[in-house]
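Please read the structure below before turning to the comments.
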Amino acid sequence: MPLVGAAAATVAFLSPAVAVSSRALPLRRPRHLVLRAVASPPASKPDAAPSKVRSPPVYSFASNNVFFNKSHTFFCLFVVIGSITSLICFQTGKWQWEFENQLVNIYYEEHEPETAENVKNILMIPTISDVSTVEEWRMVAKDIVRRKEELGYRATIVDWPGLGYSDRPSLNYNADVMESFLVQLMNSPNSPVANADGELAIVGGGHAATIAVRAAGKGLIRPSAVAAVAPTWAGPLPIVFGRGSDMETRYGLLRGTLRAPAIGWMMYDVLVSNEKSIQSQYKSHVYANPENVTPDIIESRYELTKRKGARFVPAAFLTGLLDPVQSREEFLQLFAKLEGDAPVLIVSTLNAPKRSKAEMEALRGAKGVTKFVEVPGALLPQEEYPLAVAEELYKFLQESFSARR
């Protein structure tokens with residue numbers, strides 16, 4: 001989801017005479033499932049005790065597990081949504097991604113079905129934003145994996161480099177870097193999805209979905225199916241101020257300032273890393289229903305912005321460096337390239353911000369799009385309305401994999 005609140009706050013920096021409402025900006029952003037206690041592994045203290053977390057009013061859980069810095073750790077926790085209580089069990093792990101002679105620890109979770117027969121694999125990748133996290137897909141994964149029919153599913157959720165609980169090195173992040181990560185993740189013989197037997201569906205939200213489609217269109221990855229949930233392609237500042245040479249110069253200045261050692265953290269705290277800004281974004285455009293935004297959700301996402309290196313990816317995303325394309329025409333062309341190669345599902349939302357909604361609607365009936373559906377929500381439906389999203393994904397996966405048999 002875009003850094004909408006941040007974009008509004010930087011207007012004076014970029015164009016002092018212009019006033020922009022944060023609600024006018026598009027794109028996405030995630031947040032909701034307050035399952036953070038089990039999925040926030042301490043980076044440097046493997047033997048740390050579990051942190052004390054109060055139970056939220058909408059979602060609650062119970063867990064006595066601690067994340068240890070080993071290759072795999074098993075977790076179980078209860079999640080309560082209204083009157084429904086669910087038990088989620090999954091393994092966590094760290095995979096090393098090599099980029100520019102650096103080894104970057106990538107955090108992932110594996111959600112396994114009870115039986116190992118006739119199981120297909122799903123890779124779930126979170127929405128790219130300053131508070132991106134595997135947590136947004138947990139309930140969706142749980143709901144799909146638990147279903148007992150002829151075909152079963154195994155879901156692997158992976159945090160992007162520089163986001164969530166993965167390492168956050170000071171790389172020069174852009175769309176090509178993120179695409180390179182996804183390609184290596186899917187093709188490496190030792191990655192978490194290496195044993196997919198050539199049948200792996202990709203499910204992603206926002207920019208993540210579009211980057212996956214771009215990689216597939218180039219033939220760099222060969223997914224069995226692709227599901228794009230609330231897909232987006234434009235960063236918050238370029239969509240408002242454009243991409244003229246004068247604005248690109250200002251974006252570069254802002255990006256450099258955010259990456260700087262001291263002043264960068266100060267500006268990041270003002271624009272992104274504060275609970276008031278996060279809450280404003282969630283209530284205005286990330287969630288469809290502001291009442292679903294609880295204090296625990298805000299606290300959980302705020303904690304993500306305080307992790308070491310947290311500002312590097314947001315600096316790129318805010319200024320458009322993570323945009324996989326630069327126009328709607330290019331956006332549509334990405335999907336058209338998949339025509340006949342892999343089934344594609346578009347999950348649009350009923351209450352997406354106007355500009356984001358327009359891009360989703362442009363995919364209705366577009367070449368390369370196999371199925372187009374709408375669900376409740378705004379920019380993060382998989383977190384706000386996970387069961388609705390899971391239902392649509394499950395039907396699509398059943399149709400897609402059954403057709404390949």
- Note on the structure: Only unsatisfied item for E359, checking (1) surrounded by fewer than 23 Cβ atoms within 10 Å (Cβ to Cβ); (2) touching a helix residue (DSSP H, G or I) at 6+ places or on another chain (Cβ under 6 Å), is (2)
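Listed residues E383, E374; which is surrounded by fewer than 20 Cβ atoms within 10 Å (Cβ to Cβ) and acidic (D, E)? Full working, then the answer.
Numbers: E383 fails: surrounded by fewer than 20 Cβ atoms within 10 Å (Cβ to Cβ).
Every option except E374 fails the conditions.
Scan the range 353-360 and tell me whether some residue there is in a loop (DSSP other than H, G, I, E, B) and within 24 Å of Q281 (Cα to Cα).
The first filter runs over the range 353-360 and keeps only residues in a loop (DSSP other than H, G, I, E, B), leaving 353.
Checking which are within 24 Å of Q281 (Cα to Cα) leaves us with 353.
Scanning the range 353-360 turns up at least one residue that is in a loop (DSSP other than H, G, I, E, B) and within 24 Å of Q281 (Cα to Cα).
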- Candidates F312, F335, F317 - the one that is among the aromatic types (F, W, Y), under 15 Å from I128 (Cα atoms) and crowded, with 24+ Cβ neighbours inside 10 Å: F317
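Going by what's in this entry, would P314 be described as under 18 Å from the mean Cα position of the chain (by Cα) and under 30 Å from S188 (Cβ atoms)? Show your work before the answer.
Numbers: under 18 Å from the mean Cα position of the chain (by Cα): yes; under 30 Å from S188 (Cβ atoms): yes.
So P314 passes the test.
Using the structure shown, decide if A201 is open to solvent by less than 30 Å² (accessible area, probe 1.4 Å), in contact with a helix residue (DSSP H, G or I) (Cβ under 7 Å, 6 or more places away or on another chain) and without any contact (Cβ under 8 Å) to a residue 60 or more places away in the chain.
Working: open to solvent by less than 30 Å² (accessible area, probe 1.4 Å): yes; in contact with a helix residue (DSSP H, G or I) (Cβ under 7 Å, 6 or more places away or on another chain): yes; without any contact (Cβ under 8 Å) to a residue 60 or more places away in the chain: no.
Answer is no for this residue.
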- Query: Can you name the residue in the range 121-158 that is over 18 Å from Y385 (Cα atoms) and among the acidic types (D, E) and, of all such residues, is nearest to the chain's Cα centre (by Cα)?
  - Reply: D130
- Query: Taking the range 368-388 as the region of interest, how many residues are hydrophobic (A, V, I, L, M, F, W, C), in a helix (DSSP H, G or I) and under 17 Å from T133 (Cβ atoms)?
  - Reply: 0
- Item | the range 236-283, residues that are open to solvent by 30 Å² or more (accessible area, probe 1.4 Å), polar (S, T, N, Q) and at pLDDT 90 or above | T249, N274, Q279, S280
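Filtering the range 362-371 down to residues that are in contact (Cβ under 8 Å) with a residue 24 or more places away in the chain and touching a strand residue (DSSP E or B) at 6+ places or on another chain (Cβ under 7 Å), which residue is surrounded by the fewest Cβ atoms within 10 Å (Cβ to Cβ)?
Just the residues of the range 362-371 that are in contact (Cβ under 8 Å) with a residue 24 or more places away in the chain, to begin with: 362-363, 366-371.
Right, trim to touching a strand residue (DSSP E or B) at 6+ places or on another chain (Cβ under 7 Å) and you get 363, 368-371.
Numbers: L363: 20, G368: 22, V369: 20, T370: 17, K371: 15.
Looking at residues that are in contact (Cβ under 8 Å) with a residue 24 or more places away in the chain and touching a strand residue (DSSP E or B) at 6+ places or on another chain (Cβ under 7 Å), I get K371.
Are any residues in the range 214-229 open to solvent by less than 10 Å² (accessible area, probe 1.4 Å) and either small (G, A, S) or out of contact with any Gly (no Cβ under 7 Å at 6 or more places or on another chain) (or both), and if so, which ones?
The first filter runs over the range 214-229 and keeps only residues open to solvent by less than 10 Å² (accessible area, probe 1.4 Å), leaving 215, 221, 224-229.
Once the filter is applied, which keeps residues that are open to solvent by less than 10 Å² (accessible area, probe 1.4 Å) and either small (G, A, S) or out of contact with any Gly (no Cβ under 7 Å at 6 or more places or on another chain) (or both), the range 214-229 yields A215, I221, S224, A225, V226, A227, A228.
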- Message: So Q184 ticks every box in (1) modelled with pLDDT under 95; (2) open to solvent by 10 Å² or more (accessible area, probe 1.4 Å) but one. Which box is left unticked?
- Response: (1)
- Item | Scan of the range 218-235 for residues that are at pLDDT 95 or above, under 24 Å from Y287 (Cβ atoms) and either small (G, A, S) or in a loop (DSSP other than H, G, I, E, B) (or both), ordered by number | A227, A228, A230, P231, T232, W233
- Item | Options I157, I211; residue that is closer than 30 Å to K306 by Cβ, part of a strand (DSSP E or B) and open to solvent by less than 30 Å² (accessible area, probe 1.4 Å) | I157
- Message: A310 - would you say it is of a type in the set (A, V, I, L, M), in contact (Cβ under 8 Å) with a residue 60 or more places away in the chain, assigned to a helix (DSSP H, G or I) and closer than 30 Å to A262 by Cβ?
- Response: no
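The values are calculated or read from the model by the stated rules, or taken from the named source; none is laboratory data. These numbers were taken from a predicted model, which means no experiment stands behind them. So basically every Cβ, Gly included, is an ideal-geometry build from the backbone, and we count neighbours across all protein chains shown. Side chains included, ligands, DNA and RNA excluded: accessible areas come from the protein's heavy atoms. Shrake-Rupley method; radii C 1.70, N 1.55, O 1.52, S 1.80 Å.
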